[in-house]
Structure formats: C-alpha cells, structure tokens
Amino acid sequence: MVIKSMLIPQYFSTDNVSFNIAPNPTTGYYFGDNNGDGTYETGGAPIEVGPAGFYYIEMDNTPHKVEEQNWAVTGSAVNNQIVPLTWDSETEQLVVETNIVPGDLYFTVIGNSDITMGDDDANGILKPLRSTYKYRYSYSS
C-alpha cells in the first residue's frame, strides 16, 4: 500500500505516547516503524513521541517525521514577547489569552523562527512572504 504524502497536526496531552498509522482502523491493517529509522512497515512497531505537546506528523514514502512544534504569538503587538499558545481540550484548539496593542503580530514555532506565520496583506489570509515559511499579521485599532 502506498501512503500518500500528508502532514497531520496532532496534540498529545500526555508524555511518551505511542501510535500506529491505520488507513482504516476497522480492518486491523496498520503501519509502524520497527527500527525507529523513519521507514513504515506493515504491522510495524508503534511510533513514539516524547513530551506532551503539539506535533506535526509527516507521512509519505520517504522516511516519516514526527516533529514537536509548540506555537506562540510574538511581535510588537505583544511587546516582542513570546506568548505560548496552549491546548484547550474542550474545544480542541490552540488558544492564547494576552493583551495586544497596535502593531505586528506573528504566530511562530517556539525555538524555530523559520516557521513563522501572519497576514502580510491584512486580508485574513496566511501566505508565504518568502520561500522560507515566514508570514506576518499586522493589527491596528
């Protein structure tokens, strides 16, 4: 079976979660990673993640990648602080509660500023500013 390329965002609320990839869970057919080398094997061992947090699971025919990406807002609208988003288990959404002032507001992966998003055109649409996944959102009252 060919796994089509996809990127799945997933929040894990507990540390050291293990999972398998099941195209159709009712069939008992699943993929895992027997050697921890990023290669899917039919019926393979569970794939493991570390601490609780927000992860992106990249699935395709190349070695899979499970990458922790905890998000925050930053920019002049929050006095250039890094304000982490938290997981709301009731609504199943990332949320943040903070005071903002007129200025730039960005969404960024904590520890990896190469992944930063916003709205450069102030039209409510996130889009790349360059080829490096950088986005910007500007807020004014």
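A short reminder: the numbers here are calculations on the coordinates, not readings from a lab. Being a predicted model, the structure only gives us computed values, none of them experimental. Every residue, glycine among them, receives a Cβ derived from its backbone with ideal geometry; neighbour counts consider all protein chains shown.
Amide H contacts of residue 44: 32, each under 5 Å away and 5 or more positions distant or on a separate chain (H built 1.01 Å from N in the peptide plane; Pro and chain starts excluded). Net charge dipole, the stretch 57-109: roughly 220 debye, given to the nearest 20, about the Cα centre with Cβ charges of +1 for Lys and Arg and -1 for Asp and Glu. Each label point was placed 7 Å from the Cα along the Cα-to-Cβ direction; for residue 101 and residue 86 their separation is 2.5 nm. Evaluated at q = 0.09, 0.12, 0.19, 0.20 Å⁻¹, a Debye calculation over the C-alpha positions of the stretch 1-113 (equal weights, vacuum) places log10 I(q)/I(0) at -0.33, -0.54, -1.00, -1.06. Residue 9 sits among other residues whose Cβ lies under 12 Å from its own Cβ, and their net charge, with Lys and Arg +1 and Asp and Glu -1, is -4.
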